[in-house]
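One structure is given here, and the rest of the page talks about it.
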Amino acid sequence: MKKTSIIIIDDHQLFREGVKRILDFEANFEVVAEGTDGSEAIPLVEKYHPDVVIMDINMPTINGVEATGKLVEMYPETKVLILSIHDDENYVTHALKTGAQGYLLKEMDAEQLVEAVKVVADGGSYLHPKVTHNLVKEYRRLATNSQKSAKKETEIRRPLHLLTRRECEVLQLLADGQSNRVIGETLFISEKTVKNHVSNILTKMNVNDRTQAVVFAIKNGWVEVK
């Protein structure tokens with residue numbers, strides 16, 4: 001099986017080394033190069049042609065968003081996963097509009113990093129659960145403002161015609177911005193079982209990733225945004 005080749009670009013050496021150490025534990029990952037600034041993105045991609053570039057958003061010369069824009073224009077087949085300390089929806093939407101396939105907060109755990117790289121490498125999009133929750137809250141705020149004249153609460157209608165009760169519970173926790181680990185602890189099930197439920201939810205809802213599932217559920221009044 002072909003390994004997923006990865007370049008890490010981050011100006012903090014200790015953090016960069018920590019990310020590399022986590023990725024090196026995965027048999028199907030290979031970190032082929034490292035950089036310290038967005039200005040190095042194009043030369044490194046030209047040389048190594050990686051599958052995924054993990055890019056810090058805050059760097060001294062050229063920031064991650066600017067570098068991403070240039071990178072996806074020249075090498076659209078290369079996937080970019082942004083790393084950031086910012087969970088504000090403005091940062092997230094700007095990065096995604098520029099061409100990033102994923103947005104991960106630096107408070108991530110090892111499992112989230114590995115999952116994000118796998119999803120992005122396969123052509124999907126990945127958002128940190130906390131980022132997803134913030135985006136959903138903003139979506140609900142805008143929707144509520146546009147419907148103020150109605151002056152009534154949205155009735156939550158669980159999609160029991162499509163999902164099992166347990167899958168509805170998992171979907172609600174996804175909308176709450178919870179990770180697989182927290183969902184498992186909340187429902188007293190294993191993380192593997194959570195992953196299976198999430199996979200079933202995506203298949204039944206005919207969506208590609210968690211974010212699409214949550215947004216679709218919000219639009220249809222299937223979950224409550226707290």
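Surface calculation, 1.4 Å probe, protein heavy atoms: residue 70 sits at approximately 90 Å² accessible. Pairs exceeding 28 Å between alpha-carbon atoms, taken from 106/195; 97/192; 2/97: 97/192; 2/97. A straight Cα-to-Cα reach below 19 Å connects residue 20 with the aspartates and glutamates 10, 11, 30, 34, 37, 40, 51, 56, 107, 109, 111, 115, residues fewer than 8 places away in its own chain not being considered. If you model region 9-81 as an ellipsoid using its alpha carbon gyration tensor, with each semi-axis the square root of five times an eigenvalue, the axes come out at 19, 15, 9 Å, biggest first.
Take residue 57: with every protein chain present and a 1.4 Å probe, its accessible area is about 10 Å².
For residue 15, the accessible area of its heavy atoms, probed at 1.4 Å with every protein chain present, is near 60 square angstrom. Rounded to the nearest Hz, the phi-derived 3J(HN,Hα) couplings of region 36-51 under the Karplus curve 6.51 cos²θ - 1.76 cosθ + 1.60 (θ = phi - 60°) are 10, 7, x, 5, 8, 4, 4, x, 5, 5, 4, 7, 10, 6, x, 7, where x marks glycine and proline. Note on surface exposure: 55, 74, 108, 1 rank 1, 74, 108, 55 by accessible area, highest first, 1.4 Å probe.
Relative contact order of the chain, taken over Cα pairs closer than 8 Å and 6 or more residues apart, is 14 percent. Roughly how many percent of the accessible protein surface of region 29-132 is carbon and sulfur, given a 1.4 Å probe and a whole-percent answer? Whole-percent figure for carbon plus sulfur exposure: 50. Here the 3J(HN,Hα) profile of region 177-190, calculated from phi with Karplus coefficients 6.51, -1.76 and 1.60 at θ = phi - 60°, is x, 8, 7, 4, 4, 5, 4, x, 5, 5, 9, 6, 10, 6 Hz, Gly and Pro shown as x. Given springs between every Cα pair under 10 Å in a Gaussian network model of the chain, which of 54, 189, 42 has the largest fluctuation? Comparing 54, 189, 42 in a Gaussian network model of the chain, the most mobile one is 189. Across region 212-221, rounded Karplus estimates of 3J(HN,Hα) from the backbone phi angles (6.51 cos²θ - 1.76 cosθ + 1.60, θ = phi - 60°) give 4, 4, 5, 4, 4, 5, 4, 4, 9, x Hz, Gly and Pro being marked x. Normalised per residue, the accessible area of the chain is 52 Å², obtained with a 1.4 Å probe and no contribution from ligands, DNA or RNA.
The values are calculated or read from the model by the stated rules, or taken from the named source; none is laboratory data. Quick caveat, the model's predicted, so the values are computed rather than measured. When the accessible area is computed, the model is the full protein with side chains, heavy atoms only, and any ligands, DNA or RNA have been set aside. Shrake-Rupley method; radii C 1.70, N 1.55, O 1.52, S 1.80 Å.
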